[in-house]
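Enquirer: Below is a structure I'd like to ask you about.
The values are calculated or read from the model by the stated rules, or taken from the named source; none is laboratory data. If you're wondering where the values come from, they're calculated on a predicted model, not measured in any experiment. Quick reminder, even Gly has a Cβ in these numbers, built from the backbone with ideal geometry, and neighbours come from all protein chains shown. Note: accessible area is taken over every heavy atom of the protein model, side chains too, but ligands, DNA and RNA are not part of it. Shrake-Rupley method; radii C 1.70, N 1.55, O 1.52, S 1.80 Å.
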Amino acid sequence: MELTIPLIILALGAAFGLRKPEISLVTALVALALSIVVEAAILVSAMIAFVAILNIAALFLMKKSYLRGVDYALVSLMLIATVVALYSTSFAMLILAFILVSTPTYMLVMASESGAKVDVGVKYITFMVVATILFIIGAALTIYGGSVNSESIQTVGICLLVLGIAMEVGAAPLHYWVPDVFDTADPIPASIIASLAKFVPFVIAFKILFTVNTEKALLFIGVIAAISMLAGNIGALTSNKPARILAYSTVANMGYIIAALTVFYKPEFVYLAFAGVLLQLFANAFGKIGFFTAIREEGTNSVFSYIMALSFIGLPPLLGFWGKFYILAALIYANVMWLAVLLVINSAMSVPYYIRLANLLSGKPNKGLALCIIGISAIIMLLTVVPPNWLIDSSKVLVGYFKLGGV
């Protein structure tokens with residue numbers, strides 16, 4: 001997987017883009033196209049690339065920004081990091097991918113049409129730095145514990161790893177930055193943080209946990225998932241502002257995905273859990289892009305709004321249903337029944353606030369680019385009218401990249 005050329009193109013494009021943003025846009029798209037891996041699971045790579053393309057398109061809605069000309073390159077860099085995480089079997093490269101996907105968000109979160117939002121940036125960056133430290137230390141201890149056959153070290157490592165993920169993606173009880181950042185940041189950078197930035201931490205977590213030979217941390221992971229589901233849904237039920245509803249929705253969605261990590265001790269079902277995670281991340285990504293764009297435009301078409309809301313709820317056969325379904329199936333097969341029951345209950349709890357969110361953002365006829373972004377985000381939710389068997393096949397292929405070199 002040779003990514004040197006895309007990175008060089010990105011660097012040159014970002015440099016020249018400071019004067020001519022169009023150059024950065026073109027080079028970002030070229031680097032994006034070159035980084036897609038076509039040998040295996042190409043549909044997964046293409047879907048993630050499409051998330052990045054919608055993020056870049058949404059940046060056009062911001063008339064001006066202190067990052068104009070560099071922001072496109074930052075989004076493409078995040079895509080490259082995601083591709084590295086999916087296909088690399090090197091522990092060092094996985095840690096690099098984690099840093100590369102997180103660091104661009106430090107600058108993007110402050111971008112707005114009224115100047116840099118430094119207060120938002122300080123809060124966000126503080127949490128992300130701590131999350132990165134916890135994640136790296138946890139990953140290293142997990143790998144080391146496995147190499148010396150120490151269950152105690154592995155257990156400590158897994159706990160730190162999961163805490164790092166929870167803080168990075170905004171899962172409870174380490175979610176305190178999420179409501180404030182999503183509510184005060186510009187909606188477009190918030191949509192990037194809520195969509196493209198979520199893939200890498202979970203992909204790496206699966207690869208690290210795939211090396212584990214102890215079940216001692218299983219309950220800890222399940223408790224974090226349960227707390228995040230409950231805290232997110234309760235927070236969203238008691239919120240009235242669309243951005244805060246989406247913030248707590250993210251907390252709940254991250255809980256569903258963390259629940260899938262409990263299947264790591266049943267290797268025969270990991271592919272099913274990973275397929276559910278990818279689908280849930282896709283549903284979360286496209287839905288957040290659509291809804292945050294609608295927030296920026298102060299509303300959207302009612303049909304699009306309700307399609308995205310119903311997908312988040314998990315109504316079949318929309319995209320959001322299949323993600324929860326595969327995660328639920330993996331939990332049942334792995335005999336983590338208590339967490340499966342909590343997932344179903346929390347999905348039911350989400351119905352009122354997603355309907356309220358759809359109502360709050362319905363009724364405005366968008367036009368131009370905003371309409372395209374929201375419309376595409378909604379239409380993608382309909383792709384799974386035909387059961388997504390292609391993703392099961394792709395997930396089996398990607399699980400083949402879970403064995404880390406030298407581990």
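Enquirer: Can you tell me the length gained on complete extension of the stretch Lys364 to Phe60, counting 0.36 nm per residue apart and subtracting the Cα distance?
Expert: 107.4 nm is the gain from fully extending Lys364 to Phe60.
Enquirer: Simple spin-label model, 7 Å along Cα-to-Cβ: Leu371 to Lys396 in nm?
Expert: For the pair Leu371/Lys396, the computed spacing is 4.4 nm.
Enquirer: Continuing with the same structure: Where in the chain are the DSSP H helices whose C-alpha atoms run 20 Å or more along the long axis and whose mean Kyte hydropathy is at least 0.5?
Expert: Counting only whole DSSP H runs, the qualifying helices are 21-35, 42-59, 71-87, 91-108, 118-147, 151-169, 218-237, 242-260, 270-296, 319-333.
Enquirer: Out of region 169-266, which trypsin sites (Lys or Arg not before Pro) are coil in DSSP terms and have no more than 13 other C-beta atoms within 10 Å?
Expert: In loop regions of region 169-266 (DSSP not H, G, I, E or B), there are no sparsely surrounded trypsin sites (Lys or Arg not before Pro).
Enquirer: Right, next: Which one, Ala111, Val385, Asn359, is farthest towards the positive end of the dipole of the chain when Lys and Arg carry +1 and Asp and Glu -1 on their Cβ?
Expert: Asn359
Enquirer: Among Phe182, Gly138, Phe402, which residue has its Cα positioned farthest towards the positive end of the charge dipole of the chain, with +1 placed on the Cβ of Lys and Arg, -1 on the Cβ of Asp and Glu, and the dipole taken about the Cα centre?
Expert: So the residue furthest toward the plus end is Phe182.
Enquirer: Assuming R0 = 30 Å, what is the FRET efficiency of Phe220 and Val385, from their Cβ-Cβ distance, to the nearest 0.05?
Expert: After rounding, the FRET efficiency stands at 0.20.
Enquirer: In terms of solvent-accessible area of protein heavy atoms at a 1.4 angstrom probe, what is the ranking of Asp180, Asp119, highest value first?
Expert: Sorted by accessible area, descending: Asp119, Asp180.
Enquirer: Once the mean 1/r over all distinct Cα pairs of region 58-148 is inverted, what Kirkwood radius in angstroms do you read off?
Expert: 14.7
Enquirer: Which loop chymotrypsin sites (Phe, Trp or Tyr not before Pro) in region 319-361, with loop taken from DSSP, have no more than 12 other Cβ atoms within 10 angstrom of their Cβ?
Expert: none
Enquirer: Taking the solvent-accessible surface of protein heavy atoms with a 1.4 Å probe, what is the per residue accessible area of region 4-399 in Å²?
Expert: 34
Enquirer: Another question, then. Going by amide H atoms built from the backbone, whose H comes under 5 Å of the H on Ser362, apart from near neighbours?
Expert: Hits under the 5 Å cutoff: Thr300.
Enquirer: If I stretch the segment between Ile355 and Val129 completely, what's the gain in nm (0.36 nm per residue apart, minus their alpha carbon distance), one decimal?
Expert: 77.8 nm
Enquirer: Testing the spin-label approximation: label points 7 Å from Cα along Cα→Cβ at Ser302 and Thr238. State their distance in nm.
Expert: Each label point lies 7 Å from its Cα, and together they span 3.2 nm.
Enquirer: Suppose only helical runs count, i.e. DSSP H with n ≥ 4. What mean residue ellipticity at 222 nm does that imply for the chain under -39500 (n - 2.57) per run, divided by all residues and rounded to the nearest 500 deg cm²/dmol?
Expert: -24000 deg cm²/dmol
Enquirer: Ignoring solvent entirely, what values of log10 I(q)/I(0) come out of the Debye formula for region 277-407 at 0.09, 0.10, 0.13, 0.18 Å⁻¹ when each Cα is a single scatterer?
Expert: Cα-only, vacuum Debye calculation for region 277-407: -0.31, -0.38, -0.60, -0.96.
Enquirer: Separation of region 238-307 and region 57-81 by C-alpha centroid, Å?
Expert: Cα centres, region 238-307 to region 57-81: 22 Å.
Enquirer: Is any residue of region 366-400 close enough, with backbone N under 16 Å, to a label point placed 7 angstrom from the Cα of Leu315 along the Cα-Cβ axis, and if so, which?
Expert: The answer is 378-385, whose backbone nitrogens lie closer than 16 Å to the label point.
Enquirer: Quick one: pull the percent of accessible area on the chain belonging to carbon and sulfur, 1.4 Å probe, ligands and nucleic acids left out.
Expert: 71
Enquirer: When only alpha-carbon atoms count, how far does region 351-407 stretch along each of its three principal axes, as whole angstroms with the largest first?
Expert: In descending order, the Cα extents are 55, 30, 27 Å.
Enquirer: With respect to the cross-link table entries Lys64/Lys364; Lys241/Lys364; Lys117/Lys364; Lys64/Lys288; Lys216/Lys266, which display a Cα-Cα separation exceeding 19 Å?
Expert: Over 19 Å Cα-Cα: Lys64/Lys364; Lys117/Lys364; Lys64/Lys288.
Enquirer: With a 1.4 Å probe and all protein chains kept in place, how do Ile125, Ile188 rank by accessible area, largest first?
Expert: So the residues, ranked largest to smallest area, are Ile125, Ile188.
Enquirer: Next question, about the same structure. Can you give the Rg and Dmax of region 185-227 based on its C-alpha atoms, in angstrom?
Expert: Cα radius of gyration and Dmax of region 185-227 are 14.6, 43 Å respectively.
Enquirer: For Leu61, Leu371, give the ranking by accessible area with the largest first, probe 1.4 Å.
Expert: Order by accessible area, largest first: Leu371, Leu61.
Enquirer: Tell me, Kirkwood radius of region 4-399 from alpha-carbon pair distances, in Å?
Expert: Roughly 20.6 Å, rounded to one decimal.
Enquirer: Evaluate the charge dipole of the chain about its Cα centre and quote only its size in Debye, nearest 20, assuming +1 on the Cβ of each Lys and Arg and -1 on the Cβ of each Asp and Glu.
Expert: The dipole of the chain has a size of about 500 debye.
Enquirer: Give me the number: length gained by fully extending Leu43 to Met337, i.e. 0.36 nm times residue separation minus the C-alpha to C-alpha distance, one decimal in nm.
Expert: 102.7 nm
Enquirer: Shifting gears a bit: Can you pull the one-decimal nm distance between simple spin-label points at Phe50 and Ile136, each 7 Å off the Cα toward Cβ?
Expert: Here the answer is 3.5 nm between the modelled labels.
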